[in-house]
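S.K.: Quick one: the structure is below, questions incoming.
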Amino acid sequence: MCSKLTNFGVLIGVWGQVNAFTMSREGRTTLRDVAEAAGVSVATCSYVLSGRADRTTPLPEPTRRRVEEAARQLGYKGNTAARSLRRQRSELIAIVYAPPVGPWLDRLTWECEDVAAEHGYSVIGVPVRRIDRAAQSLRVITRGHVDGAIFTPGLSDDLDLTAARRSTRALMAFSDNLELPGVDIVRNNVRQALSEATTYLIEAGRERIAFLSHTGSHDDRYLGYVDALQQAGREVDPALVRVGAASREDAVVVVRELLDSPAPPDAIVSESDRGGFAALQAAVDRGFKVPDDLAVIGTGNTREATYAAPPLTSVGMHQLDFTEMVEALFARIDDPSLPARELSMPWVLNHRASA
């Protein structure tokens, strides 16, 4: 109780000094103004508001609270640019992604924001919709405006990250193929996981397995599908490989067309969960029972997969937890000389009722 009363008294005292001070003058609040209101030296005030913690003898907690309360009451903003210049940090990290976004990226962003806040950092998003315009999108990184960047799946293999690596303290990339000195790599083993998912359907007796892709490019997800067919001695049927997984609207149309064809598929592997959800909807529209008439497997293992109707079997991380990799990014921001790390976050087939 005594401690609470003391704290309350400190804040009341600060408020009184701030109130008297603000009534006596107008204009922009300076560091000296805050120091006077808190009853401390300018040096002490600067130490507290800069966020430093390098004193041999820590400041008393009541002193720190007086300074922080005075700064809040006076609306002191400080000189962020000057502080960043002194620290040689921008206090920003970037998440580089290819639209459209989904729940997987939402989860990564939330966890990045949580960890970044603990380090006094903010998070910005950098969309790269077209590879041929990537250099312009990535100027925020290549010009050194962020201290670290995370490149999400599907981008690292198509981009030249050399300039970004030279301009940024820390880079992390999701890729099963990239090898770049000084860049931390997250391996998901995507191709193997998609091959295992397709093999699962083959071994379950599915004869016509369709593949729903994002753009039609032959990335690791498609190549995993091809690997499984070839290992089973099957040819890829071009009529069963369709573009549409990037949006539910497109996927519904494409899957309806497949199911209306003279030889409809009895299974679909989608390059995204959103395409998988669309396939479930299209199956209902066309009177196909899932999984009896049509097995459906998505990719991403989003939370929505667990409460789809029926729950969607999906390839992806068993649990979406990115804390370890984000902490590794900040470790490299603090010490860019650290040896590059390889983090294994393998995708697996998460079995549910749709397959």
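S.K.: Being farther than 22 Å from A204 by Cα and touching a residue at least 12 places away in the same chain (Cβ under 8 Å) is the filter; apply it to segment 258-281 and report the residue that is least open to solvent (accessible area, probe 1.4 Å).
M.R.: A278
S.K.: Hey, another quick one. Mind counting the residues in segment 202-213 that are surrounded by fewer than 22 Cβ atoms within 10 Å (Cβ to Cβ) and not charged (D, E, K, R)?
M.R.: Of the residues in that region, 3 qualify.
S.K.: Something else about it: If S337 passes every condition in (1) within 27 Å of M172 (Cβ to Cβ); (2) free of Cβ contacts under 8 Å to residues at least 60 places away in the same chain; (3) in contact with a strand residue (DSSP E or B) (Cβ under 7 Å, 6 or more places away or on another chain) but one, which one does it miss?
M.R.: All conditions are met except number (3).
S.K.: If a residue has to be open to solvent by less than 10 Å² (accessible area, probe 1.4 Å), of a type in the set (V, I, T) and either farther than 26 Å from P346 by Cα or free of Cβ contacts under 8 Å to residues at least 24 places away in the same chain (or both) to count, how many in segment 138-189 make the cut?
M.R.: 2
S.K.: With respect to D250, is the statement that it is at pLDDT 95 or above and open to solvent by 10 Å² or more (accessible area, probe 1.4 Å) true?
M.R.: So D250 does not fit the description; no.
S.K.: Being within 25 Å of V290 (Cα to Cα) and aliphatic (A, V, I, L, M): is that true of V183 here?
M.R.: So V183 does not fit the description; no.
S.K.: I'd like to know if segment 52-73 contains one or more residues that are under 30 Å from L108 (Cβ atoms), assigned to a helix (DSSP H, G or I), among the small types (G, A, S) and modelled with pLDDT under 65.
M.R.: no
S.K.: Taking only segment 282-317 into account, find how many residues are under 27 Å from the mean Cα position of the chain (by Cα) and free of Cβ contacts under 8 Å to residues at least 24 places away in the same chain.
M.R.: Result for segment 282-317: 1.
S.K.: Okay, moving on. Please state which one of I202, I150, I209 is modelled with pLDDT of 95 or more and closer than 23 Å to P339 by Cβ.
M.R.: Among I202, I150, I209, only I150 is modelled with pLDDT of 95 or more and closer than 23 Å to P339 by Cβ.
S.K.: Can I ask one more? I'd like to check which strands (runs of 3 or more DSSP E) are fully inside segment 280-355 and have at least 3 residues that are in contact with a Leu (Cβ under 9 Å, 6 or more places away or on another chain) and at pLDDT 95 or above.
M.R.: Fully inside segment 280-355 and qualifying: 295-299, 313-316.
S.K.: Given the conditions (1) in contact with a helix residue (DSSP H, G or I) (Cβ under 9 Å, 6 or more places away or on another chain); (2) among the aliphatic types (A, V, I, L, M); (3) at pLDDT below 55, and given that A35 satisfies all but one, which numbered condition is not satisfied?
M.R.: (3)
S.K.: Could you please let me know if R234 is open to solvent by 50 Å² or more (accessible area, probe 1.4 Å) and at pLDDT 95 or above?
M.R.: The answer is yes for R234.
S.K.: Name, by its number, the condition in (1) within 24 Å of E111 (Cβ to Cβ); (2) assigned by the TED database to the domain that holds N301 that does not hold for S137.
M.R.: (2)
The values are calculated or read from the model by the stated rules, or taken from the named source; none is laboratory data. These numbers were taken from a predicted model, which means no experiment stands behind them. Every residue, glycine among them, receives a Cβ derived from its backbone with ideal geometry; neighbour counts consider all protein chains shown. Please note that ligands, DNA and RNA were not included when accessible areas were found on the heavy atoms of the full protein model with its side chains. Shrake-Rupley method; radii C 1.70, N 1.55, O 1.52, S 1.80 Å.
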